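The values are calculated or read from the model by the stated rules, or taken from the named source; none is laboratory data. What you see is a predicted model; the values in this text were computed from it and never measured. A quick note on method: Cβ atoms are made from the backbone with ideal geometry, for glycine too, and the neighbour counts reach across all protein chains shown. Each accessible area value is taken on the protein alone, full model and side chains, heavy atoms only, with ligands, DNA and RNA left out. Shrake-Rupley method; radii C 1.70, N 1.55, O 1.52, S 1.80 Å.
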Amino acid sequence: MTKTFFAALALVASLALSASAQEHHQHSKPHDDKGGHGHTQDGGEKMSAAEALKAGGGRIKRGAALGASPAVAFADVLKEPAKYAGKAVVVEGVVERVCQQQGCWMQIAPEAGAADGVRVTFDHKFFVPKHADKLKFKAEGTFALKYLTEEEATHLEKEGARLKRDKDGEATELTFAATGVELW
């Protein structure tokens with residue numbers, strides 16, 4: 001009976017270790033293309049915008065699904081940004097630039113080549129492909145006016161942002177904190 005008891009105990013311990021190893025493996029995998037950071041495939045390789053579009057059936061979706069916030073014309077927001085500050089809205093346009101460090105922000109405009117644009121942030125909850133520039137987008141979130149120090153403005157410009165600076169090197173920009181984004 002003692003041999004049977006120890007054999008059963010060894011089997012239970014082996015199964016427990018195996019289950020623990022599988023659980024650890026699942027939690028240590030990189031996020032897939034459907035959620036999380038959204039910048040890797042199951043294998044952990046970075047995806048190009050073209051690969052992400054193909055994998056997503058022609059659309060790249062990041063963050064939360066777009067909700068029922070009212071759609072507003074991007075041009076109207078640019079004319080009267082204070083009117084829309086802090087209100088959840090949906091806007092559409094074209095991606096002009098993307099953070100080249102990790103895709104943690106994108107600069108958007110109502111149409112390609114527009115003089116005015118807005119930097120979209122995601123609070124590092126998700127990322128977009130670094131080569132998503134020139135794609136069309138639809139995003140839900142809130143607009144705000146944000147003050148940038150000279151150091152913050154320099155940092156963003158090094159990542160590819162285009163800012164209008166004051167004489168002292170600082171900048172005030174219209175930003176959009178997105179909760180969800182669709183690109184195509």
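General observations
- Charged neighbours of Ala75, selected by a Cβ distance under 12 Å, balance to -4 (K, R count +1; D, E count -1).
- For the range 164-172, the Karplus equation 6.51 cos²θ - 1.76 cosθ + 1.60, evaluated at θ = phi - 60°, returns couplings of 9, 8, 7, 4, 8, x, 7, 8, 10 Hz by residue, with Gly and Pro reported as x.
- Karplus-derived 3J(HN,Hα), 6.51/-1.76/1.60, for each residue of the range 56-73, Hz, glycine and proline x: x, x, x, 9, 9, 10, 10, x, 6, 4, 5, x, 9, 5, x, 7, 10, 6
- The Cα center of the range 49-85 and the Cα center of the range 121-184 differ in position by 14 Å.
- Carbon-plus-sulfur accessible fraction, the range 120-184 (probe radius 1.4 Å, protein heavy atoms only): 51%.
- Label-point gap, in nm, between Ala68 and Glu151 - each point 7 angstrom along Cα→Cβ: 4.5
- A dipole drawn for the range 84-184 from +1 and -1 charges on Cβ atoms has a positive end, and of Ala112, Phe122, Gln100 the residue lying farthest that way is Ala112.
- Over 24 Å (Cα to Cα) - which of Lys130/Lys167; Lys61/Lys164; Lys54/Lys138; Lys146/Lys167; Lys87/Lys130 fall in this group: Lys130/Lys167; Lys61/Lys164; Lys87/Lys130
- For the peptides 160-167, 103-110, residues were scored by their other Cβ atoms within 10 Å and the scores averaged per peptide; the highest-first order is 103-110, 160-167.
- For Glu96, distant residues with modelled amide H under 5 Å away: Gln107, Ile108, Ala109, Lys134
- Beta bridges per DSSP with both ends in the range 72-184, % antiparallel, nearest 5: 90
- Protein heavy-atom accessible surface, 1.4 Å probe, per residue over the range 91-165: 50 Å².
- Along each principal axis, Cα extent of the range 104-153, largest first, Å: 30, 28, 21
- Using only alpha carbons, the range 48-122 has a radius of gyration to Kirkwood radius ratio (Rg to Rh) of 0.98.
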